[in-house]
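K.L.:
Below is the structure I would like to discuss, written out as structure tokens.
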Amino acid sequence: MAGTIAHRPAIGGSPASAAARARNVLAVLTVVAFFAILFTGRYPRWIFDFNVGVLRWAWRVAFYGYGALGTDRYPPFTLKDVPDYPAHLEVDYPERLSRGLVLVKWWLLAIPHYLVISLLTGGGIGGDDAGWHAPGLVGVLVLIAAIALLFTRRYPPGIFGFVMGMNRWVLRVAGYVFLMTDRYPPFRLDTCGATAEPDGAAATWQGR
């Protein structure tokens, strides 16, 4: 069944809208984390865990929807990792963060990545629904994949790997601009581990 399109429950206001509301809370809590890092050099652990959970949830919704069309399995309503769900996201908790970098990394240092992401997604990190929904290169390739799935019931391997690589890029930048790490995101697609069968895909991003 991997690579097929089955009947999907209507998303409507369910996981996508709930994830969008959670992202609004993420933005507010990131501001709180900004001042905590600025004065103490530490990211409050409870805020970090919540924000990672929101990104994880948004990524599952994007993976299910038109950020990837990577699975027929409906995304669960939880911020926690779901081991048997095919899309995962983990970010290692930083014991210390730079009090100087926090002033510039989320806007000035991230500008080159913002330009690339605008080409990949057509809208940036915080687009509608799951954040990777705006029509860009990802959207075009996912549309092609949808047509292929409709007629062949298979996800083209090259397209799937490329879509996963672009989504990983966006997720790495998201971790950086949401102040979760001081490590600058690499300029690479990182398609390693992405397979042509989405339900078995290594869609994990683990930040360090």
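The values are calculated or read from the model by the stated rules, or taken from the named source; none is laboratory data. Values in this document were obtained by computation on a predicted structure and should not be read as measured data. Positions of Cβ are backbone-derived with ideal geometry, glycine not excepted, and every protein chain shown enters the neighbour counts.
K.L.:
For the range 170-185, which positions are among the aromatic types (Phe, Trp, Tyr) and crowded, with 23+ Cβ neighbours inside 10 Å?
P.N.:
Phe178
K.L.:
May I ask you to list the residues in the range 89-111 that are in contact (Cβ under 8 Å) with a residue 40 or more places away in the chain and either farther than 23 Å from Phe187 by Cβ or not in a loop (DSSP other than H, G, I, E, B) (or both)?
P.N.:
Leu89, Glu90, Val91, Tyr93, Glu95, Arg96, Arg99, Leu101, Val102, Leu103
K.L.:
Name the residues in the range 62-115 that are surrounded by fewer than 16 Cβ atoms within 10 Å (Cβ to Cβ) and within 30 Å of Leu150 (Cβ to Cβ), would you?
P.N.:
Tyr74, Pro76, Phe77, Val82, Asp84
K.L.:
Among the candidates Arg172, Arg168, Arg183, single out the residue that is under 30 Å from Pro44 (Cβ atoms), more than 14 Å from the chain's Cα centre (by Cα) and at pLDDT 70 or above.
P.N.:
Arg183 is the lone residue from the list that is under 30 Å from Pro44 (Cβ atoms), more than 14 Å from the chain's Cα centre (by Cα) and at pLDDT 70 or above.
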